[in-house]
Amino acid sequence: MRKMRSLLFVPGDSEKKLAKSEGIPADVLILDLEDSVAPQHKLTARGQVVDFLKARSVDHHSQVWVRINPLDHADAGADLSAVIPAGPDGIVLPKPRSPEDLDLLSARIGSYESEYEMNVGAIRILPVATETPQSLFTLGDYKKCGSRLAGLTWGAEDLSAAVGAITNHDEKGNWTQPYQLVRSLCLFAAHAAGVPAIDTLYADFRNMEGLERSCAEARRDGFSGKLAIHPDQVEAINRAFTPTAQEVERAQQIVALFDANPEAGTLALDGTMLDLPHLVQAKKILLLMEEEGE
């Protein structure tokens, strides 16, 4: 699994932003054909995204994904037939109604991979899993999806519009209760499926203090990365989702302690009692650092 700390949206209809994105240290670039592109620019965006994919070097530092239009949108088929032969690393699926949409998309991608003699299964899928009201009731079923599932992320804006919410934030800028629930459901559905949970974007891109707080809360709760809407957000997100030297050192100590005492269920370190969940978390931290070093 390649690291997915920062996932930056890049409007597919902007030549300037596409060109600039090559120098941005995002783990994933998401070339957007959906919400950031006006209907009259969809065709242009599709062509520019394909050109970008074909022109990228094999050692490009970022993964390059494409957010297509929803499967029930008139442009979805044209998006797929254009971008899949160009070999994106993955497809971001907006507004899925259920995990069945991911299965349908997976089958379509597989057909193109076979047709163009590509490595079948290489192109993975990241659903924005909470953008329709009905989607919330089948989040647990993503664990039944196949190996194309790369993670789960969530969104609040389309969901808010769908239910007629006046706002999804309170007076302090925090998510209101319905969207706190949605965030939590996405988090647990991702872990139930054994894939990374990716937190939604922080819209106020000029507020770096707020972004850092949002990232810290997301990592605290079990998210592995975060969507970004502006290049200036990327480095802060990368820092937030990279274990600190102190965290790595303590994780190494915990793993070493359990390795030295394989029959122990509970051990003490610096006055703190440790058991199996602490060992599991320590191993996850060390795995993150291995991915960082790749």
Can you tell me the equivalent ellipsoid semi-axes for segment 194-244? Use √(5λ) from the Cα gyration tensor, largest first, whole Å. 17, 11, 10
Please list the radius of gyration and Dmax for segment 1-95, considering alpha-carbon atoms only, with Å as the unit. 12.2, 37
Rounded to 5, percent antiparallel among DSSP beta bridges of the chain: 15
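Under unit Cβ charges (Lys, Arg +1; Asp, Glu -1), what dipole magnitude, rounded to 20 debye, does the chain have relative to its Cα centre?
On the way: 29 positive and 43 negative charges, 27 e Å.
The calculation lands at about 120 debye.
To the nearest 20 debye, what charge dipole does segment 1-155 have about its Cα centre, counting +1 at the Cβ of each Lys and Arg and -1 at the Cβ of each Asp and Glu?
400
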Global size of the chain as Cα Rg and Dmax, reported in angstrom: 19.9, 65
Quick check on packing: order 164-171, 222-229 by the mean number of other C-beta atoms within 10 Å, highest mean leading. 222-229, 164-171
Tell me, what HN-Hα J-couplings in whole Hz come from the Karplus equation 6.51 cos²θ - 1.76 cosθ + 1.60 at θ = phi - 60° for each residue of segment 121-131, using x for Gly and Pro? x, 6, 7, 9, 10, 10, x, 8, 7, 10, 8
Scalar couplings 3J(HN,Hα) for segment 222-228 by Karplus 6.51 cos²θ - 1.76 cosθ + 1.60 (θ = phi - 60°), nearest whole Hz, x for Gly and Pro, are x, 7, 9, x, 8, 5, 10
For Leu93, residues with placed amide H under 5 Å, excluding near neighbours: Leu126, Val128
Tell me the label-point distance for the pair Gln40, Glu157, using the 7 Å Cα-to-Cβ offset, in nm and rounded to one decimal. 2.1
Fraction of accessible area attributable to carbon and sulfur, the chain (%, probe 1.4 Å): 52
Positive-pole candidate from Gln233, Met208, Gly155, dipole of segment 136-294, charges at beta carbon: Gly155
I want to check the label-to-label distance for Tyr116 and His169. Put each point 7 Å from Cα in the C-beta direction and report it in nm to one decimal. 3.9
For the chain, what relative contact order do you get, as a whole percent, if you take Cα pairs closer than 8 Å and at least 6 residues apart? 16
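How much area per residue is accessible in segment 78-161 when the probe is 1.4 Å and only protein heavy atoms are counted (Å²)?
With the other protein chains kept in place, segment 78-161 gives 39 Å² per residue.
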Summed residue charge, Cβ within 14 Å of Gln252's Cβ, Lys/Arg positive, Asp/Glu negative: -2
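To the nearest 0.05, what FRET efficiency results for Ala78 and Leu286 with a Förster distance of 51 Å applied to their C-beta separation?
Efficiency at R0 = 51 Å is approximately 0.70.
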Helix 276-292 axis, angle to the chain major axis (alpha carbon atoms, nearest 10°): 50
With -39,500 (n - 2.57) per DSSP H segment of 4 or more residues and division by the full residue count of the chain, the 222 nm estimate, nearest 500 deg cm²/dmol, is -13000 deg cm²/dmol
Describe numerically, in nm with one decimal, the distance between label points set 7 Å from Cα along Cα→Cβ at Thr244 and at His191. 2.2
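Leaving out ligands and nucleic acids, and using a 1.4 Å probe, what accessible area per residue does segment 1-54 come to in Å²?
Heavy-atom SASA per residue in segment 1-54 reads 45 Å².
Could you pull out the pairs from Lys3/Lys284; Lys54/Lys226; Lys95/Lys226; Lys226/Lys284 whose alpha carbons sit more than 20 Å apart here?
Numbers: Lys3/Lys284 13 Å; Lys54/Lys226 26 Å; Lys95/Lys226 18 Å; Lys226/Lys284 18 Å.
Flagged as over cut-off: Lys54/Lys226.
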Can you give the FRET efficiency to the nearest 0.05 for His230 and Leu267, using r as the Cβ-Cβ distance and R₀ = 51 Å? 0.70
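The values are calculated or read from the model by the stated rules, or taken from the named source; none is laboratory data. What you see is a predicted model; the values in this text were computed from it and never measured. Here Cβ is always computed from backbone atoms with ideal geometry, including for glycine, and neighbour counts include all displayed protein chains. Only protein heavy atoms, including side chains, enter the accessible area calculation; ligands, DNA and RNA are left aside. Shrake-Rupley method; radii C 1.70, N 1.55, O 1.52, S 1.80 Å.
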